Amino acid sequence: SFFVECVRQTLDCAGVGRCTVVGNSLGGAIALGLALDCPELVDKLVLMAPGGLSELADYQQMPGMQKMFKVFGSGEPVTPAVMKDLFASGLMHDPKFATDELVAERMQIMQIMNGHVMATMKVPVLTGRLPELECPVLGFWGLEEKMMPENGIMALARNVRHLRLILVSECGHWVMVEHQDMFNRACLDFIAHG
């Protein structure tokens, strides 16, 4: 896919021969695609509620995804207040983590995103290819997830051979934000010990 090729070229330009790839949501789908298409580049994968594990109709049933499509599909400018509400009600279990600092950071990222690419991209369903993964995988999934369908949990659990899967209660789509310390400890242990 376009995104996988962009990541591969970026790693090549940076002189990275092999690495651990971390991805959340769409980034998780891209990380999976890279590990499947270029296994020689990926030493380990860390995935937080990755995309690419369900059909579009399943995603469209999720309340957080519905809110995101509404926000980004309305044609209206996305303000910091709208973004904060999306984070608090669509991506997080506890709205206290939708801080002004996080919103400001994401607003900066939105300025460099290619809206046309985001609106027209097709994310392949990668579940059938998961048994091909050669590298160890650390997966996180918030049990109060509002973006990714729960069938993704079982897609990972039943199809990835070298998987450590952490289900996190009181957590939405962004485990790395809502449970930062636990996330960092688990990642460091996984990177060191697989």
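The values are calculated or read from the model by the stated rules, or taken from the named source; none is laboratory data. As the structure is a computational prediction, the values presented were derived from the model and not from experiment. Cβ coordinates were reconstructed from backbone atoms using ideal geometry, including for glycine residues, and neighbour counts include every protein chain displayed. Accessible surface areas use protein heavy atoms only, side chains included; no ligands, DNA or RNA. Shrake-Rupley method; radii C 1.70, N 1.55, O 1.52, S 1.80 Å.
Return the residues of segment 134-178 that are of a type in the set (Asp, Glu) and in contact (Cβ under 8 Å) with a residue 60 or more places away in the chain; say none if nothing qualifies.
So in segment 134-178, the residues of a type in the set (Asp, Glu) come out as 134, 144-145, 150, 170, 178.
Within segment 134-178, Glu134, Glu145, Glu170, Glu178 meet the criteria.
Testing Val4 on (1) over 20 Å from Glu150 (Cα atoms); (2) assigned to a helix (DSSP H, G or I); (3) at pLDDT 95 or above; (4) open to solvent by less than 70 Å² (accessible area, probe 1.4 Å), one condition comes back false. Which one is that?
Result: Val4 passes all but (3).
Being acidic (Asp, Glu) and not in a loop (DSSP other than H, G, I, E, B) is the filter; apply it to segment 133-186 and report the residue that is least open to solvent (accessible area, probe 1.4 Å). Walk me through how you get there before you give the answer.
Within segment 133-186, the subset acidic (Asp, Glu) is 134, 144-145, 150, 170, 178, 181.
Subset that is not in a loop (DSSP other than H, G, I, E, B): 178, 181.
On the way: Glu178: 12, Asp181: 106 Å².
That would be Glu178.
Picking from Gln61, Gln111, which residue would you name as being farther than 16 Å from Lys146 by Cα and among the polar types (S, T, N, Q)?
Numbers: Gln61 fails: farther than 16 Å from Lys146 by Cα.
Matching residue, one of Gln61, Gln111: Gln111.
For Gly27, only one of the following conditions fails: (1) surrounded by 15 or more Cβ atoms within 10 Å (Cβ to Cβ); (2) more than 20 Å from Leu138 (Cβ to Cβ); (3) not β-branched (Val, Ile, Thr). What is its number?
So the condition that Gly27 fails would be (2).
I'm trying to understand the selection: among the residues of segment 75-115, which are open to solvent by less than 70 Å² (accessible area, probe 1.4 Å), under 24 Å from Leu143 (Cα atoms) and either part of a loop (DSSP other than H, G, I, E, B) or of a type in the set (D, E, K, R) (or both)?
Selection gives Met92, Asp94, Ala98, Thr99.
I'd like to know if segment 169-188 contains one or more residues that are of a type in the set (Lys, Arg) and in contact with a strand residue (DSSP E or B) (Cβ under 8 Å, 6 or more places away or on another chain).
no
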